[in-house]
Each structure stands twice: as C-alpha cells, then as structure tokens.
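The values are calculated or read from the model by the stated rules, or taken from the named source; none is laboratory data. Just so we're clear, the structure is a prediction, and the values are computed from it rather than from any experiment. So basically every Cβ, Gly included, is an ideal-geometry build from the backbone, and we count neighbours across all protein chains shown. Areas reflect the complete protein model, heavy atoms only, side chains present, ligands, DNA and RNA absent. Shrake-Rupley method; radii C 1.70, N 1.55, O 1.52, S 1.80 Å.
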Amino acid sequence: MPTILNEPQLDALTEMVNIGVNRAAAGLREMVGEQVHLSVPKVSLVSRDKAIATLGDSETANLVGIHQVFEGDVTGRALLIFPDTKSLELVRAVTGGKLPLEEIIELEHEALAEIGNIILNGCLATMANMLQRNLKMSLPEILRGEPAIFFNLAPPPEAGEVVMFLYINFAIQERDIRGYIAMLMDMPSIAALQILLDEFIERTA
Amino acid sequence: MTVREPKLPDTLFDVVDVGLILLDGEQRVAGWNGWMEHASRISEADARGRRLEEVFPDTPPRLRRAIQHALELGASSLVTHSLHPALFPLRTRAGQTLIHDISVRVLGSRPTLQCLLQVVDVTVMAGRERILRERQNARYDAVVGSAPDAILTLDAEGKIQFANPAAAREFGYPAEALIGQSMAMLLNDTAEWDKAFGHLLVGKNLSRPIELTARRNNGSASYLEASASSWQSEGRIFVTAILRDVNERRRTAEALRAG
C-alpha cells in the first residue's frame, strides 16, 4: 500500500506515541512499584490484510486484545494486542509475581482490561492533547482469538480502512514482552489526522 | 454563564444499584447518590462540594490520574479490584467489605466538563472466585503440595508457570525462582523433552513415561522419569509434568548388575 503519511508526519506520530506510552509507563510504575519501560520503535500504516498477515506471522495463532473506541475529529478503534501466551506473563509481572497460577488466570481478564486501558489512554490522550483536539474514548473490552477477528469488528467502516500499526516493547520486572498497538481508522479520519499532524508540525517547527 | 448540570431524575439517580459520583471540573463532588450514601456511610450533604481525596483520603493515585484524564482529555478508564484491592472504604449493608470496580467517564462538553464515577459492587463475584479458589487450593495442597514427585506446569512456550514444593527440592531452587524459567534450564539434554512437549501441544498424550536427566542448581545430575499431559484454560494450552526421581532405583539396579 502506498504510504499515506509522509515522513515528517510519521515522525511526528512516532514521537507523540512514544510520549504517550511513556506517560502510561509512569502510571504503571506507580501501580507496580517497579521500573516499567514502554517504547514504540516503529509506526507504520498498513492495509487491513497486511495487518492480519503481520499478526499471523508471530509465533502464536491466538491473540488477546484490549479494544477501545475513540471518537472526535479522528474516529476509530484502538487495540493493544499480545500473543495470548504473553498475557499471563504481563499480568504476573504487574501483580508482582507473587500470586499462584490459578489466581492469575482469574484476575487476568480484568487486570488486562485495566493495563490495556492505561496504555491506550496514554497513547490516545497524548495524541489528542498534542494535536489540540478532543477525543472521547470508550471503556476497554477484551477480545481473544485469531488475528482476523480483531480487524473484522462490526459495524464495518463506511469508507476504506487503514490500520496504523505500532510495535510496542514492554519491559517490566526483567521480562520483555512484545506486542502491537493497532489503530483502525477510515479514510476520512486518516485525512483529518494528516491535517492535524501538519498543523502540529507547523507549530513545533 | 450558568453551569447546567445534566438533568437526571433524582429518583433514578438514587435507586440504581450502582454507586454514582459526579465530579465538577474542579474535581469537587456535585452528585452523590443513595447507593454511595449507604456504602460509604457518608451523606450527600457531607460529600457535596468537597474534593474526592478529602472525602476518601486514601484514593489511589491511579484513580486520581483517571479522573484527571477524563476531565482534561476525555478518556474513559476502568479501575478494577484486580489491581487495586482497596479503592474506596465501602461496606455492604451487612457491614462486610464491599469489593468494587470503578469506571470513570467524562460527561458534557467543554467548558463544563464533568466526570462520572460508577462504582460497581463485585463482592459476590469476587467472593465466589475466592471460595472456588480456596476449595481448589485445598485440593491442590492435599495432592500437589504434598506429592513426593516434582510437579511442574508449563505454558505453551515451555515457561514454568507453577512448581510444587517437591520440584523446588528436586532442582534446588526456591519455587518462585522457577516461575517464568524455561524447562531447558533444568535439563542436561532437552531433545527427548522437546519432542514430547511438541506432541503434548498438539493434543497427543505420552504413551509412556520418558527418561530425563536434570541439572540441579548445584550442578549435579539427577535422573527423572517424566509423565505429562496437556490441559486447556480459555483456549490456552498448559502442560503439567510429573517428574519422579529415579536416582535410587538406578543405583539399586546398578548395584545389582555390579553384584
């Protein structure tokens, strides 16, 4: 797919998202009482099919995702996605590693919803703030399954859909967990985002 | 300009079975429903106009941040008992600790943004989980905790997720130190185990126990006989292996051969 965002726009976006996940990391650090490092080394815009294929390439077929809808000048869905083998590790790391397996399995659902909520809010809220726009964000919801289900959520978008794909590294308690943040937006939203990014670049230049 | 609060019939606000706290842009209590009065033993009149951390001095930082994010950025947040055992000091009608989750959302539009906290009672659910867990733990302790054989549960990546006391003794590590480690760390030769593990992950159980040579923390070798089976939870595969220490048996067999 042709690059829809130009390089300065992508750079600005990468910077914003990193500031956002750093904020989320600070929030998590406060809760966990341990160092938490989050970074987003790469942002790319891909088609839905490419996104599904990328997720399908990773080692495990089953994924767990935390889903939130955002609405405003830019509207879409945001998903934080992990291989589901990593989700227990993540919850174990955040809860301090002291709980037995059964207890972690029970807590997993809610704990993941909240951890995902912190990370997605950090990202989206920082972007909205830096772009000087309001975004309303829904509450988190957990989804599990194969890569395709994350990108076929009803109702389907009205006008073509692009996935903004972010690789996220999560380092906590000596564990290294890799996941993805996907933001699904339709073409009008991407166009609106481009305008906002250009305004931002102009302001900061 | 007059600040208009969203119109909600008072009765509705007060009869719902969920705690509702409305905060104004300054994070002062502008609404406190009947449910909150009962659960907190703080009347609406006493709460109104005060900042939330004055009403509840132990409000966790995560909740404060969530409120700030709602008012400044429009973000909705979920703050759950799973990561915050004590959010507000609330009690049920019978005086028990009321376990709750809180959702935080923004209400209205600028410049009159308000923040609505919805406090949901999950005491029954959490209680049921606790009872089930205790029952399970009791069964577990009776069987797994006191088993003479080492028992390990691994996730699909081969990382140890559970180790019983006998496993800690066998390998010479504290049980906590085994969690998150890969099985390979404990074995001298992984080929046999890797093959068996591959079969288990695709749902094939081992037809007979396999022999493994373990490497203990102190570097010494130990002979083990492993039987294993796989099980699933929420579509995720785990493998539980029972590792029997056969050093004694080998020594006896060797002594017999030598004699």
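Numbers for the structure displayed
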| read-out | value |
| --- | --- |
| Residue that is farthest from the chain's Cα centre (by Cα) [pool: residues in the stretch B:169-184 that are hydrophobic (A, V, I, L, M, F, W, C) and closer than 23 Å to residue A:91 by Cα] | B:183 |
| Test: residue in the stretch A:75-89 that is at pLDDT 85 or above, among the basic types (Lys, Arg) and either open to solvent by 20 Å² or more (accessible area, probe 1.4 Å) or outside any loop (DSSP other than H, G, I, E, B) (or both) | yes |
| Residue check for residue B:233: surrounded by fewer than 16 Cβ atoms within 10 Å (Cβ to Cβ), without any contact (Cβ under 8 Å) to a residue 40 or more places away in the chain, closer than 30 Å to residue A:143 by Cα and within 29 Å of the chain's Cα centre (by Cα) | yes |
| Wholly within the stretch A:99-203, strands (runs of 3 or more DSSP E) carrying at least 1 residues that are within 10 Å of chain B (Cβ to nearest Cβ), touching a residue at least 60 places away in the same chain (Cβ under 8 Å) and open to solvent by 50 Å² or more (accessible area, probe 1.4 Å) | A:135-137, A:141-145 |
| Of residues in the stretch B:1-39 being at pLDDT 90 or above and part of a helix (DSSP H, G or I), the one most open to solvent (accessible area, probe 1.4 Å) | B:38 |
| Some residue of the stretch B:142-155 being facing chain A (nearest Cβ under 10 Å) and modelled with pLDDT under 85 | no |
| Residue in the stretch B:200-240 that is farthest from residue B:160 (Cα to Cα), counting only those that are among the hydrophobic types (A, V, I, L, M, F, W, C) and within 14 Å of chain A (Cβ to nearest Cβ) | B:202 |
| Verdict on residue B:184 being out of contact with any strand residue (DSSP E or B) (no Cβ under 8 Å at 6 or more places or on another chain) and in contact (Cβ under 8 Å) with a residue 24 or more places away in the chain | yes |
| Test: residue B:42 is closer than 28 Å to residue A:77 by Cβ, modelled with pLDDT of 90 or more and either open to solvent by less than 50 Å² (accessible area, probe 1.4 Å) or within 11 Å of chain A (Cβ to nearest Cβ) (or both) | no |
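Per-residue answers, yes or no, for (1) of a type in the set (A, V, I, L, M); (2) open to solvent by 60 Å² or more (accessible area, probe 1.4 Å); (3) over 30 Å from residue A:128 (Cβ atoms):
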| residue | (1), (2), (3) |
| --- | --- |
| B:69 | no, no, no |
| B:73 | yes, no, no |
| B:78 | yes, no, no |
| B:104 | yes, no, no |
| B:116 | yes, no, no |
| B:123 | no, no, yes |
| B:127 | no, no, yes |
| B:142 | yes, yes, yes |
| B:146 | no, yes, yes |
